[in-house]
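Heads up: the structure comes next, in C-alpha cells.
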Amino acid sequence: MEKKFPEHMVPLEDKMFSFSCHSGLSCFTTCCRNVEMYLFPYDILRLKNAIGVDSEQFLRDRTCLIKGANPYFPSVIMKLLDDESKTCRFLTREGCSVYTDRPSSCRTYPLERAVDRDPGRKKVQDYYFMTNHPYCHGHKENRLFGVKEWIRNQKLDEFNMMNDLWAEIDSIFMTNPWKGEGSGGPKQQLAFMVCYNIDAFRRYSSVNNILEQFRLSKDQKKRIETDDSELLKFGFQWLKLLLTGTSNLMIRR
C-alpha cells in the first residue's frame, strides 16, 4: 500500500538536491539560533561525552523538558542561551564547538527524516523530505547530493540506527504503560533515567546487579559495562521487557 503524505511533503526518494553549508555563506550559523531543538537519547549521550560531563549534569544545565508529540512521556529540548538571539550553547565565532558530535536534527539538515512505525513491517521504512528556510543560502550552492550520499557525508548511520531503537521504545510509551501511577511515577522516572540519564542508569545497573540477571556473553557484558551506546541499547531492551514482558534479553533461571 502506497504511503500517503500531506500535500506539501514530498519524499525525496532518489532525487538529487544541491546544498552546502560553510562559513563563507552570509547565513552561516543563523540556524543555530532561536530554534526548538529536540534531543534524542543518543544525542545526549554523544553531547555529554563530547564536553566531558555526567549525563545528569548535562540534563540539568543544558536541557528543558516539554510536552511533545507523546502525551505520556516528556520530550527533551536544548536549553538556549538567554540572549537576544536565543543562541545554541555550543555555538562559537568559528561555528559549532561539538560539530563531530552534533545532534541528529543538525546533522540531518536540510533534510527531515520520518520513520514509518507500522508494526507489520519487518524493517524500518524511513523517508526524507527537503526543508527550505528562506534564510538559508546553502540551497543555492552547486554541490549535489542524493539521500544516501548525504547520510554517508553526515555520518548519520549510527544516529539513525539508535534513533530507530528509541522510536520503538517511544511507541511503547505512547500506549501509556504506566496507567494508574500517573505522570512522573516510579516507572516513568525509571524509563526517563534509562533513556536520557545514561550515567545514572550505569550506577543503578551496577548497584542492582542488573546485568547479572540476564544471559550475556563475557564480550556482551564487557561492551555494556564500558560503552555508553551498548548500555543504551541494553537499557532499551530492559525497558521493553519491564513494560511489555517481551524482549530479546534472556533471563537467567
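Read-outs: derived from the displayed coordinates by stated rules, not from any lab. Keep in mind that what you see is a predicted model, and the values were worked out from it rather than measured. Using ideal geometry, Cβ is built from the backbone for each residue, glycine included, and neighbour counts are taken over all protein chains shown.
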Integer Hz, Karplus 6.51/-1.76/1.60 couplings in order for region 18-27, x for Gly and Pro: 9, 6, 7, 10, 7, 5, x, 7, 5, 8
Candidate lysines for bridging to residue 15, where Cα separation is under 25 Å - those fewer than 8 sequence places away on the same chain excluded: 3, 4, 123, 140, 148, 155
Over region 78-155, relative contact order from alpha-carbon pairs under 8 Å, at least 6 apart, %: 18
18 Å Cα-Cα reach of residue 222 towards aspartates and glutamates, excluding residues that sit fewer than 8 places from it in its own chain: 199, 212, 230
Dipole of the chain, positive direction: furthest Cα of 175, 135, 91, with charges on the beta-carbon: 175
HN-Hα J in Hz across region 135-152 - Karplus 6.51, -1.76, 1.60, θ = phi - 60°, x for Gly and Pro: 6, 8, 8, x, 5, 8, 6, 8, 6, 9, 9, x, 4, 4, 5, 5, 4, 5
Exposure proxy order (Cβ contacts within 10 Å, fewest to most) of 8, 22: 8, 22
Reach of residue 179 by Cα under 20 Å, taken over lysines that are not fewer than 8 positions away in the same chain: 67, 187, 240
Whole-number percent relative contact order across the chain, with pairs defined as alpha carbons under 8 Å at least 6 apart: 24
Gap separating the Cα centres of region 130-163 and region 72-112, nearest whole Å: 16
Derived scalar couplings ³J(HN,Hα) [region 199-209; Karplus, 6.51 cos²θ - 1.76 cosθ + 1.60; whole Hz; x for Gly, Pro]: 5, 5, 5, 4, 5, 4, 4, 5, 4, 9, 6
Cβ-placed point charges (K, R +1; D, E -1), dipole of region 92-174 about Cα centre in debye, nearest 20: 260
Size of electric dipole in region 182-244: Cβ of Lys, Arg +1 and of Asp, Glu -1, about Cα centre, debye, nearest 20: 180
Long-range amide H partners of residue 143 with built H, under 5 Å: 19
Förster radius 35 Å - calculated FRET efficiency between residue 92 and residue 164, Cβ distance, rounded to 0.05: 0.65
